[in-house]
Every structure is written in C-alpha cells, then in structure tokens.
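S.K.: This is the structure I have questions about; it appears just below.
The values are calculated or read from the model by the stated rules, or taken from the named source; none is laboratory data. Keep in mind the model is a prediction, meaning the values are calculated, not measured. When we count neighbours, we look across all protein chains shown, and the Cβ atoms used for this are built from the backbone with ideal geometry, even at glycine.
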Ligand code: ASP
C-alpha cells in the first residue's frame with residue numbers, strides 16, 4: 001500500500017509514529033526556513049512541515065517543485081503541532097517527512113479545489129472529476145450512499161427482494177416521451193428505455209415475488225428543470241396482497257427510518273390530506289405544510305359591494321400573513337409585481353393591513369369600509385398585526401397564483417427553513433384528467449382525451465367504479481404521493497389486477513382493443529394467470545437526497561449529471577455517429 005493512514009486519520013495519539021500518507025497537494029506555503037504542504041484525500045487534510053535548514057536537500061528540492069493537485073506520497077514522523085488548528089480534524093499534529101515521492105504531476109486546475117470554488121457550473125461539469133475532489137460534492141455523494149444503504153437495510157428486513165429489471169424494453173406509460181434505442185438486428189425497430197420498471201414489477205407480483213424493490217435508473221425525455229434529469233434514480237417498490245393502508249404504513253416507516261438513521265431526526269407520524277383538500281386549501285397537489293397560511297374563500301363575504309373585480313370573479317381567495325401588517329408600500333408593490341408575472345398570471349393583488357392599533361386599511365377602501373374589512377378579518381382569522389392578501393379571477397388560475405404567492409410569503413417570512421421537514425401523504429387523487437394536448441405521448445389521432453393522472457394501471461376506488469361511464473372525471477384513484485416540504489418525492493397506487501377492468505381503463509384512455517393488445521397484451525395476458533392484488537410506489541431518489549441534503553438542485557447529488565440541455569459536457573454527449581453506424585442501424589437522417 002502507498003499509505004499506512006489516510007489524510008484524515010492522524011491524531012495526537014499517533015505522535016511519535018512513522019507513517020505514510022498519500023494524496024493531492026491542496027496548497028504549499030514557503031516561508032524560506034519553513035515550508036508547509038497541505039495534503040488532501042477523501043478523508044481530510046494533513047499538514048506536512050519541513051524545516052528547510054534541517055531537512056535533506058532532496059526533500060526540500062522535491063517540496064519546492066510541487067504544484068497544486070500533484071499526487072504525492074509522504075513518509076515521516078507524526079509530531080505535535082506548535083500552533084494547533086481547530087479547523088482541521090488533524091489539526092493537533094503534523095508530519096516531518098523523511099521521504100516525499102511524486103506519484104504524478106498535475107497541470108493547474110481550471111478552478112480552485114476548495115469548498116467555495118471560483119468555478120462556474122459549466123466549468124465544474126466539464127471537469128467533474130476535479131469537482132468531485134471538493135468536500136461539498138463528495139459529502140453529497142456520501143449522503144446518497146448512506147441513504148441507499150439504509151433503504152436496502154430497511155427493505156431487506158421486511159423481506160423485500162432487490163430484483164433487476166431490463167433496460168432495453170418497450171414503452172412504459174409514465175406520461176413522458178421515451179428515449180429509444182435502435183435495434184441493429186431488427187432494422188427499423190426500436191427498444192424504449194424504461195420510464196420506470198412499472199410493468200415488470202407488476203409481472204414480478206404475478207410471478208409470486210410478493211415484495212420487490214430496486215434502486216433503479218429511469219429515463220424520461222422531458223424538458224429539463226433544476227429538479228429534473230433525463231436519467232434519474234428511483235427507489236421502486238411493489239407489494240402483493242396489500243391495500244393502500246399497508247403501502248402507506250410500510251413506506252412511511254422507510255421515510256422515518258431514513259431521517260432517523262441518516263439525519264438523526266425524528267419525523268412524526270405522517271399526516272394525510274386528500275387531493276381535494278390540498279387544492280382547496282393550498283391550490284397545489286404538493287403543498288408545503290411547514291407553515292399554515294391556508295386559503296380562505298371569500299366569495300360570500302366580498303361580493304355585492306360594486307367592486308367589479310370581485311363581483312366578476314369566479315373565485316375570490318385570501319391568505320393571512322401573520323405579523324406582516326407593517327409591510328411597506330414598496331414591499332406590497334413587489335408582491336403585486338410578483339403575482340402579475342406571466343408565469344403566475346394574476347391581474348392584480350388586493351391587500352388589507354390589520355394594523356396593531358386595531359384599524360384596518362385596504363387597497364380597495366373606496367369599496368369596503370372598515371366594518372366590511374372587519375368581516376374579512378374575521379373570516380380569515382386575522383389578528384391585529386396581520387396582512388391579508390387577496391386574489392380574484394378564474395378558479396383554477398387563481399388557486400394556482402395564490403399557491404405561488406403563499407410560497408413566496410412563506411419564503412419572505414422565513415417559514416421555509418431547510419432544516420425543518422414536513423412530510424405527508426396526499427391521497428385520493430383523481431383517476432383521470434382531461435387534456436387537450438396532442439403529442440407523441442398521445443394515443444390515436446384525436447385531440448382532447450382522458451389521460452391517466454398517475455398511470456393506466458392505477459386502480460379506481462371501488463366505490464367510484466360505477467362513475468367510470470357516467471362521470472370519469474369524478475372517479476378517485478387508490479393513488480398517493482409522498483410530499484416533503486412542498487416537493488413531490490414520489491407516489492404510487494394500488495393496481496388494477498383484473499383483466500376486464502384493465503381493458504376498460506385502456507378503452508377510456510382512447511386505446512382501441514388492438515392498440516391495447518399490441519402495447520400491453522403481455523400484461524393483460526399475465527392477468528389471466530392469477531394476478532394477486534398488488535400495489536406499490538416509487539420515490540425519486542435524487543430528489544430525496546437533495547432534499548435531505550438541504551439543496552434545491554438534484555444535480556449536486558449525482559456523480560456525473562447532465563446539464564440543462566440534457567448534455568454531458570464532460571464526455572460531450574449526445575454526439576453524432578458515423579454514417580457507417582447509421583447504415584448498420586438502417587437509420588436515414590432527415591436532411
Ligand atoms: N411507476 C410509478 C412512477 O414512476 C410509480 C408507481 O406507481 O409505483 O411514478
């Protein structure tokens with residue numbers, strides 16, 4: 001071995017020992033008579049000190065020839081430091097070297113290998129192997145490793161088997177576009193990469209496996225955002241002979257155990273909220289419940305006072321920002337600008353300050369006297385010192401805009417602390433949603449159609465099955481999402497295991513019998529051979545890591561991520577392929 005210890009290991013009790021450590025040169029300080037080298041590896045930094053007048057010429061010459069990021073090995077005696085450093089775990093000691101070996105030289109890195117680097121995102125991604133040497137990046141990947149190990153431990157104890165499912169498959173309907181792979185041996189035919197192992201895990205249940213999990217790569221060709229990658233990892237799970245309650249309890253256990261073992265945090269029992277309530281009180285199917293600030297519908301209270309904006313609105317809805325009555329005109333103008341941004345889309349913002357002296361002043365005083373405003377305050381449970389914010393307009397749009405405003409107020413009032421975790425389930429999602437859009441994920445030629453809100457294998461609530469024909473939009477599913485701090489961490493459902501119900505579902509989604517047979521015949525056939533009742537879920541592993549790691553960007557928790565255009569700028573992919581390869585694959589590119 002080229003080392004007896006790591007660079008993070010030596011302490012005061014090692015003083016007097018002769019050791020060898022290896023690593024990268026973090027920095028060199030040459031004061032003439034004294035020369036220091038900071039040597040770094042994955043575990044830490046150890047200081048090497050050379051008294052140039054007493055040390056051999058060889059050692060001094062080698063030390064003076066070193067540059068940043070050279071790879072060296074140092075043997076010598078551990079001594080107690082004269083001036084100790086509490087910034088380093090090894091800060092009590094240093095090494096007086098007998099021998100320094102240069103294992104490799106290095107050219108000057110394009111950015112500093114420090115916790116706070118001068119490298120921008122693009123540069124860091126291009127030289128990701130250098131970025132990986134930085135503490136924050138390494139710590140993120142260590143956290144990811146811990147979470148994976150703890151997940152496996154937890155599920156293994158419950159008899160879950162980790163089974164690998166194939167990557168070269170056929171389209172799985174998770175609602176995104178597929179990445180496809182041409183088949184050389186079957187010219188003109190393509191595999192699809194899995195958007196998830198959904199159908200395979202269901203087939204594992206038919207195969208009697210009972211409890212399956214996999215920490216697995218999934219691929220979705222979607223427009224990218226900060227929290228999306230074209231390839232990402234799921235903790236994917238399925239169980240047989242269960243009902244929704246069993247799944248929620250099992251995976252609530254997983255989440256709590258991960259927080260406990262990895263973060264040392266006790267998460268209370270997860271609360272549950274129906275989709276309908278989430279939309280009504282938070283305008284959002286993944287509400288951040290670290291703070292209250294629930295929506296209050298005001299139609300009955302504000303209409304009929306000749307204020308046209310409210311009178312014409314389908315919905316008038318307010319939130320009460322506790323303790324924000326002192327907001328300045330400038331702050332309120334900022335909020336108005338915020339809600340008017342095109343992505344938010346409100347036409348304006350009405351506010352009322354409930355001043356600490358008990359008076360209420362609103363931005364619509366012309367239409368509402370103090371007595372009326374007191375009614376608003378009562379409806380909203382506002383106290384002196386609070387600020388009431390109101391939006392009005394078309395129902396869905398207004399809820400959506402209010403949801404953004406609520407989150408913005410949460411940020412401004414410091415109610416969204418990254419180290420506080422509010423985890424809960426959203427249940428009773430609608431089975432279907434109607435969409436006008438047509439793209440390559442649509443079925444058939446027609447425009448608007450019903451889409452599965454989760455996916456087509458999700459079971460309707462038994463008590464709602466009767467509505468499938470008369471009012472499909474009202475059918476609720478046995479589907480659930482896990483939400484942490486306003487982020488959807490994952491979701492799943494109880495599946496349909498009856499062939500006829502599955503066929504009916506496909507037909508509702510616009511598949512002809514033949515199309516359903518061609519795409520999912522294998523699953524429907526399997527359902528003829530005794531499919532057990534089953535259900536499951538998947539958690540987005542990268543997101544879970546970033547959330548637990550207190551970051552917004554999942555990229556920082558992936559060793560080699562893609563950038564916002566889906567490129568790996570380090571290996572320069574995607575890239576063109578040679579004509580010969582195209583010919584072999586029977587692919588002609590459009591000129
Ligand atoms: N396959 C689903 C997904 O990727 C999860 C599930 O239903 O188990 O969202």
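S.K.: Among the residues of the range 151-169, how many are away from the ligand (no atom under 14 Å from the Cβ), under 23 Å from residue 221 (Cα atoms) and surrounded by 16 or more Cβ atoms within 10 Å (Cβ to Cβ)?
M.R.: Within the range 151-169, residues that are away from the ligand (no atom under 14 Å from the Cβ), under 23 Å from residue 221 (Cα atoms) and surrounded by 16 or more Cβ atoms within 10 Å (Cβ to Cβ) number 0.
S.K.: Now a separate question. Pairs, please: C-beta under 8 Å, at least 6 apart or cross-chain, first residue over 19 Å from residue 432 (Cα atoms) and in the range 503-518, second modelled with pLDDT under 90 and assigned to a loop (DSSP other than H, G, I, E, B)?
M.R.: 515/443; 515/444
S.K.: Within the range 299-311, work out how many residues are under 39 Å from the mean Cα position of the chain (by Cα) and without any contact (Cβ under 8 Å) to a residue 40 or more places away in the chain. Quick ask: steps written out before the conclusion?
M.R.: First, pick out the residues of the range 299-311 that are under 39 Å from the mean Cα position of the chain (by Cα): 299, 309-310.
Adding the requirement that they be without any contact (Cβ under 8 Å) to a residue 40 or more places away in the chain leaves 299.
Here the count works out to 1.
S.K.: If we keep just the residues of the range 469-484 that are touching a helix residue (DSSP H, G or I) at 6+ places or on another chain (Cβ under 7 Å) and surrounded by fewer than 23 Cβ atoms within 10 Å (Cβ to Cβ), which is farthest from residue 425 (Cα to Cα)?
M.R.: Across the range 469-484, the extreme among qualifying residues is 472.
S.K.: Among the candidates 71, 19, 78, which residue alone is in contact with a helix residue (DSSP H, G or I) (Cβ under 7 Å, 6 or more places away or on another chain) and in contact (Cβ under 8 Å) with a residue 40 or more places away in the chain?
M.R.: 78
S.K.: Additional query: Given the conditions (1) within 30 Å of residue 531 (Cβ to Cβ); (2) in contact with a helix residue (DSSP H, G or I) (Cβ under 6 Å, 6 or more places away or on another chain), and given that residue 200 satisfies all but one, which numbered condition is not satisfied?
M.R.: It is condition (2) that residue 200 fails.
S.K.: Can you tell me which of (1) more than 23 Å from residue 395 (Cα to Cα); (2) surrounded by fewer than 19 Cβ atoms within 10 Å (Cβ to Cβ); (3) in contact with a strand residue (DSSP E or B) (Cβ under 9 Å, 6 or more places away or on another chain) is the one residue 312 doesn't meet?
M.R.: That leaves (1) as the condition not met.
S.K.: Right, another one. So, residue 224, is that one in contact (Cβ under 8 Å) with a residue 12 or more places away in the chain, closer than 21 Å to residue 158 by Cβ and either away from the ligand (no atom under 13 Å from the Cβ) or out of contact with any helix residue (DSSP H, G or I) (no Cβ under 8 Å at 6 or more places or on another chain) (or both) or not?
M.R.: No, not satisfied.
S.K.: Count, please, the residues in the range 306-332 that happen to be assigned to a helix (DSSP H, G or I) and more than 15 Å from residue 409 (Cβ to Cβ).
M.R.: 6
S.K.: Continuing with the same structure: Among the residues of the range 348-375, write down those that are assigned to a helix (DSSP H, G or I) and either in contact with a helix residue (DSSP H, G or I) (Cβ under 9 Å, 6 or more places away or on another chain) or surrounded by fewer than 20 Cβ atoms within 10 Å (Cβ to Cβ) (or both).
M.R.: 370, 371, 372, 374, 375 - these are the residues of the range 348-375 that are assigned to a helix (DSSP H, G or I) and either in contact with a helix residue (DSSP H, G or I) (Cβ under 9 Å, 6 or more places away or on another chain) or surrounded by fewer than 20 Cβ atoms within 10 Å (Cβ to Cβ) (or both).
S.K.: Quick check on residue 506: is it within 16 Å of the ligand (Cβ to nearest atom) and assigned to a helix (DSSP H, G or I)?
M.R.: No; evaluated as a whole, the condition is false for this residue.
S.K.: OK, next. Is it true that residue 116 is under 20 Å from residue 43 (Cβ atoms), out of contact with any strand residue (DSSP E or B) (no Cβ under 8 Å at 6 or more places or on another chain) and surrounded by fewer than 17 Cβ atoms within 10 Å (Cβ to Cβ)?
M.R.: When the stated conditions are applied, residue 116 does not pass them.
S.K.: Exposed (fewer than 13 other Cβ atoms within 10 Å of the Cβ), more than 42 Å from the chain's Cα centre (by Cα) and outside any loop (DSSP other than H, G, I, E, B) - does that describe any residue in the range 78-91?
M.R.: Yes, the range 78-91 has at least one match.
S.K.: Is it fair to say residue 179 is farther than 19 Å from residue 254 by Cβ and surrounded by 16 or more Cβ atoms within 10 Å (Cβ to Cβ)? Before the answer, list the steps.
M.R.: On the way: farther than 19 Å from residue 254 by Cβ: yes; surrounded by 16 or more Cβ atoms within 10 Å (Cβ to Cβ): yes.
Yes: the conditions hold for residue 179.
S.K.: Please enumerate the residues belonging to the range 527-565 that are within 16 Å of the ligand (Cβ to nearest atom) and assigned to a helix (DSSP H, G or I).
M.R.: Across the range 527-565, the qualifying residues are 541, 542, 543, 544, 554.
S.K.: Another one. So, in the range 214-252, how many residues would count as being under 22 Å from residue 497 (Cβ atoms), touching a strand residue (DSSP E or B) at 6+ places or on another chain (Cβ under 9 Å) and outside any strand (DSSP E or B)?
M.R.: Qualifying residue count for the region: 9.
S.K.: Related question: Which residues, counting only those in the range 229-245, are more than 13 Å from the ligand (Cβ to nearest atom) and touching a residue at least 12 places away in the same chain (Cβ under 8 Å)? Steps first, answer last, please.
M.R.: Step one: filter the range 229-245 for residues more than 13 Å from the ligand (Cβ to nearest atom), giving 229-231, 240-241, 243, 245.
Selection gives 229, 230, 231, 240, 241, 243.
S.K.: Further question: Starting from residues that are in contact with a strand residue (DSSP E or B) (Cβ under 6 Å, 6 or more places away or on another chain) and within 15 Å of residue 9 (Cβ to Cβ), keep the ones in the range 92-103 and report whichever is surrounded by the fewest Cβ atoms within 10 Å (Cβ to Cβ).
M.R.: Top of the filtered list is 93.
S.K.: Which of (1) more than 11 Å from the ligand (Cβ to nearest atom); (2) at pLDDT 95 or above; (3) in a loop (DSSP other than H, G, I, E, B) is the odd one out, the single condition residue 195 does not satisfy?
M.R.: (1)
S.K.: Could we say that residue 36 is part of a strand (DSSP E or B) and surrounded by fewer than 20 Cβ atoms within 10 Å (Cβ to Cβ) here? Don't jump to the end; show me each part of the working.
M.R.: Details: part of a strand (DSSP E or B): yes; surrounded by fewer than 20 Cβ atoms within 10 Å (Cβ to Cβ): yes.
Yes: the conditions hold for residue 36.
S.K.: Now for a separate question. From 29, 42, grab the single residue that is touching a strand residue (DSSP E or B) at 6+ places or on another chain (Cβ under 7 Å) and either at pLDDT 95 or above or buried (at least 18 other Cβ atoms within 10 Å of the Cβ) (or both). Steps first, please.
M.R.: On the way: 42 fails: touching a strand residue (DSSP E or B) at 6+ places or on another chain (Cβ under 7 Å).
The unique qualifying residue is 29.
S.K.: Oh, and also: Which condition number does residue 436 fail, the rest of (1) touching a strand residue (DSSP E or B) at 6+ places or on another chain (Cβ under 7 Å); (2) loosely packed, with under 14 Cβ neighbours inside 10 Å; (3) farther than 30 Å from residue 269 by Cα being met?
M.R.: (1)
S.K.: What number of residues within the range 260-293 satisfy the criterion of being surrounded by fewer than 17 Cβ atoms within 10 Å (Cβ to Cβ), part of a loop (DSSP other than H, G, I, E, B) and touching a helix residue (DSSP H, G or I) at 6+ places or on another chain (Cβ under 8 Å)?
M.R.: Of the residues in that region, 4 qualify.
S.K.: List the strands (runs of 3 or more DSSP E) that sit entirely inside the range 376-490 and contain at least 3 residues that are within 15 Å of the ligand (Cβ to nearest atom).
M.R.: Here the list reads 423-427, 479-484.
S.K.: Moving to a separate point now. Just to check your reading of the model, which residue among 186, 249 is over 29 Å from residue 145 (Cβ atoms), away from the ligand (no atom under 15 Å from the Cβ) and modelled with pLDDT of 95 or more?
M.R.: Details: 249 fails: over 29 Å from residue 145 (Cβ atoms).
The match here is 186.
S.K.: Take the residues in the range 491-502 that are surrounded by fewer than 18 Cβ atoms within 10 Å (Cβ to Cβ) and part of a helix (DSSP H, G or I), then tell me which one is nearest to the ligand (Cβ to nearest atom).
M.R.: 501
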